[in-house]
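The values are calculated or read from the model by the stated rules, or taken from the named source; none is laboratory data. Here the structure is a predicted model, which means the values were calculated and not measured. Because the Cβ atoms are built from the backbone with ideal geometry, glycine has one as well, and the counts that use them run over all protein chains shown.
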Amino acid sequence: MVEHMLKFVTVEQAMPAKRAAERRRKDFQEIYAEYSQQKAAEQAARCSQCGVPFCQIHCPLGNNIPDWLKLTAEGRVEEAYELSSATNNMPEICGRICPQDRLCEGNCVIDKGFNAVTIGSVEKYITDTAFEHGWVKPPTPKRELALSVGIIGAGPAGMAAAEQLRRKGYAVHVYDRYDRVGGLLIYGIPNFKLEKEIVQRREQLLRAGGIHFHSGVEIGKTVSLTELRGRHDALLIATGVYKARDLAAPGAGLGNIVPALDYLTASNRTGLGDRVEAFVSGALDAKEKNVVVIGGGDTAMDCVRTAARQGAKSVTCLYRRDRANMPGSQREVKHAEEEGVHFQWLAAPQGFIGDRAIAGVRTIRMHLGVPDATGRHVPQEIAGSQFNLACDLAIKALGFDPEDLPAMFAAPELETTKWGTLKIDRRNMMTSIEGVFAAGDIVRGASLVVWAVRDGRDVAERMHRYLQTKDAAPDRRAARIAAE
Ligand SMILES: Cc1cc2nc3c(=O)[nH]c(=O)nc-3n(C[C@H](O)[C@H](O)[C@H](O)COP(=O)(O)OP(=O)(O)OC[C@H]3O[C@@H](n4cnc5c(N)ncnc54)[C@H](O)[C@@H]3O)c2cc1C
Ligand code: SF4
C-alpha cells in the first residue's frame with residue numbers, strides 16, 4: 001500500500017484544470033476539465049488511508065472512499081467504479097456538485113496542513129471513465145416480478161429509487177409534471193456546474209433498463225393520487241420543494257423582480273434549445289442589466305453566475321449575514337468572485353425603487369446580533385446605514401418551502417409536519433397513507449442531491465420489504481400480464 005499511497009507529503013493538491021474566468025463567462029460549459037489517468041492516480045495516491053475514514057463518515061452515502069482512491073492510484077479504475085457505484089446511483093453527478101468542502105473533503109484528515117484529497121474530482125473521473133469504456137450497465141433485473149411501483153417525481157430521489165427497485169425486478173413507472181427527466185438536476189442547476197448531457201446519459205441508462213418515464217403528468221391534475229394508487233402496488237412521492245419564499249417589502253410588486261427558479265429554468269431551457277418567451281422578451285435575461293440577487297445559498301450563487309454569463313452590466317449579491325455564515329458553498333463564492341460578481345455581505349433589501357419596473361434596491365447594512373434558539377446569529381439592521389443600489393433585474397433566491405401536497409393531491413389524510421414537509425414513519429418511510437412512501441426534499445426540506453440519492457436508496461429498500469409481504473392483487477396482475 002505504501003508504495004502507492006500516502007503521497008500527500010510530496011504531492012500537492014491539484015484540482016483538474018479550471019478554465020480562466022474571462023473564458024468561462026462567455027459560455028455555460030463546465031468550468032473544470034477532466035483528470036488524465038495519470039493525474040487521477042497521482043491525486044488519489046495522496047490519501048492517507050486513515051483507520052477511521054472521516055471522509056466516508058461525512059459522505060451521506062457512506063461511500064467507501066479510501067478503497068476506491070487506492071484502486072484508482074493503482075490504475076484499477078474499473079474496480080474503483082464497481083466499488084463507487086455500489087453505494088451511489090450517480091457518482092459522476094455527486095462528484096461534480098456535492099459541496100465537498102462541507103462533506104467528504106471538509107473532513108479529510110490531511111486537510112489540516114496538506115489540503116484535502118480531491119475526492120469529488122476523482123469520483124467524477126472514475127464514473128466518466130466507466131461510461132467511456134462501457135462499464136456502466138442499465139439496471140436490468142435478473143428476473144421480472146409481477147408487482148409494479150409508481151414514483152411521483154423524476155428528480156434524483158425518484159431516479160435513485162427507480163433504479164434500485166428496477167434492479168430487484170419491479171415494473172417501475174416514474175411520473176413527472178416536467179417535460180424532461182431530472183428534476184432540479186435538469187432545470188435548477190446550471191450547465192456550468194452540471195452539463196445536461198450528464199443527466200440525460202443517466203436518464204438513457206434508466207430507460208434502457210426498462211424504467212418507464214411519463215413526462216408532463218402532474219399528479220393532482222392530470223391523474224389523481226387515488227387513480228395512481230389503483231395502478232400500482234406501492235407509490236413513492238418524491239416531488240421536491242417548489243414554493244419559493246417571498247419578500248414583503250415596499251415596491252415588491254414592481255416589474256423585473258423575479259423568483260430564482262423561474263430565472264434559472266428559463267436559462268436552462270434556453271440552453272437545451274427550447275424557445276422561452278420570457279427569455280426572448282428580455283424579462284428573464286440579464287443581458288446588459290444591473291442585476292441584484294438576494295440570498296446567500298446555492299440557488300443565489302447559481303443566479304449570480306448565470307447573470308454574469310448572460311452578459312449583465314453588473315452583478316451584485318445581497319446577503320444579510322457575513323461570508324462565514326452563508327449557507328452556500330465557499331467554493332461557489334470563490335468562482336463567482338473570479339467571474340466578476342460583487343458581494344454585499346451584511347446587507348439586506350429594505351424596499352424596491354422604481355416607477356413600473358425596478359430601478360434600484362434600497363439597502364440597509366446589518367450586523368450579527370446574539371444567537372437565536374438554533375444557535376445562528378440574528379442579523380440586525382444598523383440604523384441610518386441605508387444606501388441605494390442601481391438595479392434593472394432583481395432575483396429573489398430566498399429558499400423554498402413545500403407545496404401544499406394534501407390539497408394538491410386531494411388527500412387530506414396525507415399528514416405533514418409543521419414545516420409542510422411530508423410526515424413519514426422513520427422505520428419504514430411510509431406516509432400516513434398505506435403503501436404510499438416519500439423521500440427526498442419533500443421529506444427533508446430543501447437539501448442536497450447526495451441526500452436525495454441516499455433517501456431514494458433507503459426508501460427503495462423499505463418499499464421492497466413492504467412489497468415482499470404482499471402479493472400482487474390478482475386482478476391487477478392478470479390485467480398486466482394480459483397487456484404484455
Ligand atoms: C438552483 C438550485 C441549485 C442547487 N444546487 C445544488 C448543488 O450544487 N448541489 C447539491 O447537492 N444540491 C443542489 N441543490 C439542491 C438539489 O437540487 C435538491 O436537493 C435535489 O434536487 C432534491 O431532489 P428531489 O428528487 O427530492 O427533488 P427535485 O429534484 O426537486 O425533483 C422533484 C421532481 O418532482 C416533480 N413533481 C413535483 N410535483 C409533482 C406533481 N404533482 N406531479 C408530478 N411531478 C411532480 C418535479 O417536476 C421534479 O421533477 C440545488 C437546488 C436548487 C434549487
Ligand atoms: S457523494 Fe458527495 S460527499 Fe460522498 S464522496 Fe462523493 S462528493 Fe463526497
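Observations, loosely collected:
- Boolean, GLU144 is among the acidic types (Asp, Glu), away from ligand 1 (no atom under 12 Å from the Cβ) and in a helix (DSSP H, G or I): no
- Of all residues in the range 33-68 being out of contact with any Leu (no Cβ under 9 Å at 6 or more places or on another chain) and hydroxyl-bearing (Ser, Thr, Tyr), the one that is farthest from ligand 1 (Cβ to nearest atom): SER36
- Every residue from the range 381-416 that is aliphatic (A, V, I, L, M) and within 30 Å of ILE237 (Cα to Cα): ILE395, ALA397, LEU398, LEU405, ALA407, MET408, ALA410, ALA411, LEU414
- Selected residue (criterion: nearest to the chain's Cα centre (by Cα)) from residues of the range 400-415 that are assigned to a loop (DSSP other than H, G, I, E, B) and surrounded by 15 or more Cβ atoms within 10 Å (Cβ to Cβ): PRO402
- Selection within the range 137-152: residues that are touching a strand residue (DSSP E or B) at 6+ places or on another chain (Cβ under 8 Å) and among the β-branched types (Val, Ile, Thr). The member of this set that is surrounded by the most Cβ atoms within 10 Å (Cβ to Cβ) is ILE151.
- Pair list, Cβ under 7 Å, 6 or more apart: the range 316-341 residue farther than 25 Å from PHE387 by Cβ, other residue at pLDDT 95 or above and in a loop (DSSP other than H, G, I, E, B): HIS335/ILE31
- Counting only helices (runs of 4 or more DSSP H) that fall entirely inside the range 153-252 and contain at least 2 residues that are at pLDDT 95 or above and surrounded by fewer than 17 Cβ atoms within 10 Å (Cβ to Cβ), the qualifying elements are 196-208, 225-231.
- All positions within the range 21-49 that are under 25 Å from the mean Cα position of the chain (by Cα) and either loosely packed, with under 13 Cβ neighbours inside 10 Å or assigned to a loop (DSSP other than H, G, I, E, B) (or both): ARG25, LYS26, ASP27, PHE28, GLN29, GLU30, ILE31, ALA33, GLU34, TYR35
- Scanning the range 50-82 for residues that are near ligand 2 (Cβ under 10 Å from one of its atoms), over 15 Å from LYS124 (Cα atoms) and in a helix (DSSP H, G or I) returns CYS55, GLN56.
- So SER447, is it small (Gly, Ala, Ser), over 18 Å from GLY150 (Cα atoms) and either more than 24 Å from the chain's Cα centre (by Cα) or modelled with pLDDT of 95 or more (or both): yes
- Among residues of the range 255-266 that are on the phi > 0 side of the Ramachandran plot, those with a Cβ under 8 angstrom from a residue that is among the β-branched types (Val, Ile, Thr) and buried (at least 22 other Cβ atoms within 10 Å of the Cβ), sequence gap 6+ or separate chain, pair up as ASN256/ILE358.
- Set ASP101, ASP67: member being among the acidic types (Asp, Glu), closer than 21 Å to ALA45 by Cβ and surrounded by fewer than 21 Cβ atoms within 10 Å (Cβ to Cβ): ASP67
Per-residue answers, yes or no, for (1) touching a helix residue (DSSP H, G or I) at 6+ places or on another chain (Cβ under 6 Å); (2) of a type in the set (Gly, Ala, Ser); (3) more than 21 Å from ILE93 (Cβ to Cβ):
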| residue | (1), (2), (3) |
| --- | --- |
| LEU6 | no, no, yes |
| GLU12 | no, no, yes |
| LYS18 | no, no, no |
| ALA21 | yes, yes, yes |
| ARG24 | no, no, no |
| TYR35 | yes, no, no |
| CYS47 | yes, no, yes |
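- ALA373 being modelled with pLDDT under 95 and either within 16 Å of ligand 2 (Cβ to nearest atom) or among the small types (Gly, Ala, Ser) (or both): yes
- Complete set of residues in the range 83-98 that are among the hydrophobic types (A, V, I, L, M, F, W, C), near ligand 2 (Cβ under 8 Å from one of its atoms) and part of a helix (DSSP H, G or I): CYS94
- A single entry from LYS112, LYS137 fulfils the requirement of being away from ligand 2 (no atom under 16 Å from the Cβ) and assigned to a helix (DSSP H, G or I): LYS112.
- Any hit, the range 451-459, residues being at pLDDT below 95 and small (Gly, Ala, Ser): no
- If you go through the range 115-134 and keep only what is in a loop (DSSP other than H, G, I, E, B) and away from ligand 2 (no atom under 15 Å from the Cβ), you end up with ASN115, HIS133, GLY134.
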